[in-house]
């Protein structure tokens, strides 16, 4: 495995937007990282260490509950909001069960939100466990701070592409689809067991928090590299929709999780994705990949997909096929 490390980018200037030179410098760094790797570390993201610690403690408390207790908020109780707990091997990657369990969460939306009134799938209330009441405030504090970091990164991405800082905020991510996951990877006796098989994220931008155990690996042009934890730095990666938007200028890189022998691991991805109802069409920018350059999985990301919601529903139906019934279909 290659030992080449991912770049670390301090995104604090993108949070405050008060130092033009620093903002421009971070945009250049982001452009270089997204072209070469599609991944980088983000420091200066504004998520406090206490916020991270409280989330990790509350997550430990939830996932050590008996399965019968966790099943009280199982995903089949979440309706079209697509929220709740799933057991080990309950999620598929490329048709293969993952060696992880997880809790699907998202932006907390009440019945008065227009997206809930319109019955948009993947929008609505979360399911919260009564047995671990500390989980809700811990999640909400973390997601609030991570969302602000996502907004800052989206500004940096826009500037990196030669667009205005608010280009995406005024359009594609005006009402972003915000999905949050807590994943627990149990330790295994097989040091090469895949917690998650090779895949790329199908959204726009992923902000990953992880504990100190490691296991994430990214495939670069020179081979697989390890992405170990670096303090409280987030791991950032662009998803398939950014590769589509940029015609391959930004790289949506394949990655996987290798369970370490006997080690339990937690990770906290926030998926900062396009508005559910927005079309995702390529941008008029320079630096696209050569027309004959194929992706690792031969998927054509430039084929028409309709709205992001249309695309997303097709993807999640493959991840949880037993839950993908008529209830999840887009209204109309």
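Observations
- The residues listed here are 250, 242; of these, the one that is under 26 Å from residue 315 (Cα atoms), touching a helix residue (DSSP H, G or I) at 6+ places or on another chain (Cβ under 9 Å) and assigned to a loop (DSSP other than H, G, I, E, B) is 250.
- Checking residue 213 against (1) part of a loop (DSSP other than H, G, I, E, B); (2) in contact with a strand residue (DSSP E or B) (Cβ under 8 Å, 6 or more places away or on another chain); (3) over 26 Å from residue 61 (Cβ atoms), the condition it does not meet: (3)
- Residue in region 103-117 that is within 17 Å of residue 196 (Cα to Cα), in contact (Cβ under 8 Å) with a residue 12 or more places away in the chain and in a strand (DSSP E or B) present: yes
- Residue ID - farthest from the chain's Cα centre (by Cα), chosen from residues in region 253-275 that are assigned to a loop (DSSP other than H, G, I, E, B), touching a residue at least 60 places away in the same chain (Cβ under 8 Å) and farther than 24 Å from residue 53 by Cα: 275
- Which numbered condition residue 54 fails, given (1) outside any loop (DSSP other than H, G, I, E, B); (2) more than 28 Å from residue 313 (Cα to Cα); (3) out of contact with any helix residue (DSSP H, G or I) (no Cβ under 6 Å at 6 or more places or on another chain); (4) touching a residue at least 60 places away in the same chain (Cβ under 8 Å): (3)
- Taking the listed residues 151, 140, the one that is assigned to a helix (DSSP H, G or I) and over 30 Å from residue 69 (Cβ atoms) is 151, with no other qualifying.
- Test: residue in region 184-196 that is at pLDDT 95 or above, part of a strand (DSSP E or B), touching a strand residue (DSSP E or B) at 6+ places or on another chain (Cβ under 6 Å) and surrounded by fewer than 23 Cβ atoms within 10 Å (Cβ to Cβ): yes
- Restricting attention to region 32-47, the residues that are out of contact with any strand residue (DSSP E or B) (no Cβ under 8 Å at 6 or more places or on another chain) and crowded, with 20+ Cβ neighbours inside 10 Å total 0.
The values are calculated or read from the model by the stated rules, or taken from the named source; none is laboratory data. Please read these numbers as outputs of a predicted model, since none were measured by experiment. Because the Cβ atoms are built from the backbone with ideal geometry, glycine has one as well, and the counts that use them run over all protein chains shown.
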